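Computed from the coordinates by the stated procedures, all read-outs in this text should not be read as laboratory data. On a predicted model such as this, the values are computed, not experimentally measured, just so you know. For neighbour counting, all protein chains shown are included, and Cβ atoms are generated from backbone atoms with ideal geometry for every residue, glycine included.
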Amino acid sequence: MTETLHIVGGGMAGSEAAWQAAQMGVRVIIHEMRPKVGTFAHKTGDLAEMVCSNSFRSDDDEQNAVGLLHWEMRAADGLIIDSAHRHRLPAGGALAVDRDPFAATVTERLRAHPNISISYEEIDTLPDSGNWVFATGPLTSTALGQAIRAETGAEALAFFDAIAPIVHFESIDMSQAWMQSRYDKGDTEEERTAYLNCPMDRETYEAFIDALLAADKTEFHEGETAGYFDGCLPIEVMAERGRETLRHGPMKPVGLTNPHQPDIKAHAVVQLRRDNALGTLYNMVGFQTKMRYGAQTEVFRMIPGLENARFARLGGIHRNTFINSPTLLDDRMRLKARPNIRFAGQITGVEGYVESAAMGLLVGRMAAADLIGHQIAPPPPTTATGALVTHITGGAEAKTFQPMNVNFGLFPPVEGLKGGRRGRRDRYKAYTDRAKADWQRWLHQTDDEQAAAPT
Ligand SMILES: Cc1cc2nc3c(=O)[nH]c(=O)nc-3n(C[C@H](O)[C@H](O)[C@H](O)COP(=O)(O)OP(=O)(O)OC[C@H]3O[C@@H](n4cnc5c(N)ncnc54)[C@H](O)[C@@H]3O)c2cc1C
């Protein structure tokens with residue numbers, strides 16, 4: 001018998017990781033603190049509890065990156081996706097789930113597995129020995145959060161996400177926007193043109209402030225403290241403090257010249273910064289917000305250049321414990337400084353039930369492979385799972401790292417296809433066809449290939 005794999009946290013990621021490892025013949029202990037220790041969002045003692053919405057989002061595996069992730073997990077005998085399908089509710093193209101029977105099924109199937117046992121306890125340290133996966137999610141217990149912080153450093157662990165919206169570059173109108181760093185700062189041309197700028201005249205700015213003030217906002221959940229206020233204010237709160245505040249903050253127009261209208265000084269400028277190495281995604285600098293999603297798209301499309309913006313993700317501020325994966329983890333999701341410890345799920349900086357389960361699937365397989373003496377290379381970045389793991393462990397900017405949903409902006413482009421709106425259907429189909437073929441190859445790689453993979 002191989003060594004035991006300890007998995008801390010029996011949520012979406014931990015449950016999937018346990019299943020995958022156990023199916024590969026490894027003995028697993030799941031350490032789950034509920035129901036002994038609760039969180040403000042979980043209501044039950046079941047594993048894989050859906051804490052809020054009951055949706056796994058789009059199930060379209062040809063035109064949608066989340067649907068593709070569903071497909072990849074199904075192809076890999078995923079427990080979470082299979083249980084979700086067993087308890088599917090009618091919801092058009094989305095995979096909506098009857099949450100209580102879903103969680104009961106996951107719990108039951110894990111309990112019944114001969115290689116799995118469940119220990120109901122809180123783990124509050126990072127153990128020095130043994131093989132561990134930490135999948136404790138956005139609401140990691142305070143004691144464990146402190147232990148992770150002591151190991152990684154305060155800078156590398158966040159307790160809130162303050163997410164600025166992220167836009168697909170190809171949807172930005174570059175006949176209005178331009179690339180320039182403030183005061184042309186930087187030693188190289190790339191640095192001098194690192195920001196994408198969208199100019200506003202006075203009238204547009206005033207209308208934008210009115211829309212921000214009027215927009216529908218979400219409140220914090222009970223138990224979520226609003227400690228974020230010191231560090232990063234939501235833009236609508238800045239606007240509430242004074243109509244000019246944004247013009248003197250993230251939207252200040254200084255040090256920038258609009259090449260489309262060099263003689264006209266912009267009244268305000270929205271800046272976007274590259275968000276991934278591929279240059280396909282840009283985040284709106286300083287635009288973290290508590291506006292509801294519908295309001296965000298409406299308000300942000302008032303910005304010149306973003307009228308047709310497509311958002312890879314919208315903004316938000318939530319209680320969310322996550323580590324700075326680009327600096328802390330290697331490409332096998334091991335803590336670089338302590339390779340006996342892996343992280344999985346939302347704590348690694350992915351966001352959502354589906355993405356978290358996918359990272360659990362991957363880490364469960366990788367950890368089990370290590371224990372049975374194989375090596376599994378990470379899946380290629382052309383797959384949805386591979387694109388996500390490549391992003392969080394390397395592709396993302398470490399300095400501004402914030403949690404990410406899966407989206408096609410994370411995929412390497414397919415060459416020779418039409419860009420823009422017109423070519424979108426063909427492009428997405430090409431992405432998903434390529435991903436499926438590459439995922440199947442990765443899943444069925446031979447033992448020899450696994451053994452030859454770099455460690
Ligand atoms: C308020 C809120 C609302 C959300 N709404 C949505 C939504 O609508 N849709 C969506 O897709 N995502 C939503 N999310 C994100 C969602 O929670 C995650 O995407 C998903 O559940 C993460 O999976 P996970 O396995 O990483 O963490 P979780 O599913 O949270 O699982 C982590 C598990 O670890 C346990 N645990 C924590 N600390 C310890 C410890 N020290 N020892 C032992 N066990 C521990 C917890 O009890 C929990 O069971 C929401 C998150 C929050 C906080």
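What to note about this one:
- Sorting 270-278, 185-193, 330-338 by average packing, meaning the other beta carbons within 10 Å per residue, from highest down gives 270-278, 330-338, 185-193.
- Per residue convex hull volume, Cα atoms of segment 357-433, in Å³: 122
- Coordinate range of the alpha-carbon atoms in segment 166-314 per principal axis, descending: 48, 34, 29 Å.
- Cα point-scatterer Debye curve for segment 106-224, base-10 log of I(q)/I(0) at q = 0.14, 0.21 Å⁻¹: -0.96, -1.27
- Think of segment 166-314 as a dipole: +1 on every Lys or Arg Cβ, -1 on every Asp or Glu Cβ, centred on the Cα centre; then among 168, 207, 197, 197 lies furthest on the positive end.
- Virtual spin-label span in nm between residue 2 and residue 277, 7 Å along Cα→Cβ: 2.8
- Helix-only [θ]222 nm of the chain, DSSP H runs n ≥ 4, -39500 (n - 2.57) each, per residue, nearest 500: -9500 deg cm²/dmol
- Rounded Å value of the spacing that divides the Cα centres of segment 352-380 and segment 185-211: 41
- Listed peptides 377-385, 357-365 by packing density, highest first (mean Cβ within 10 Å): 357-365, 377-385
- Where N is the number of residues in segment 318-408, Cα Rg divided by 2.2 N^0.38 Å: 1.00
- In summary, the convex hull built on the alpha carbon positions of segment 10-123 has an orientation-averaged projected area of 7.2 nm².
- For residue 276, distant residues with modelled amide H under 5 Å away: 281
- Overall dimensions of the chain by Cα: Rg and Dmax, Å: 22.5, 75
- Around the Cα centre of segment 279-369, unit charges on the Cβ atoms of Lys, Arg, Asp and Glu (plus for the first two, minus for the last two) sum to a dipole of about 300 debye.
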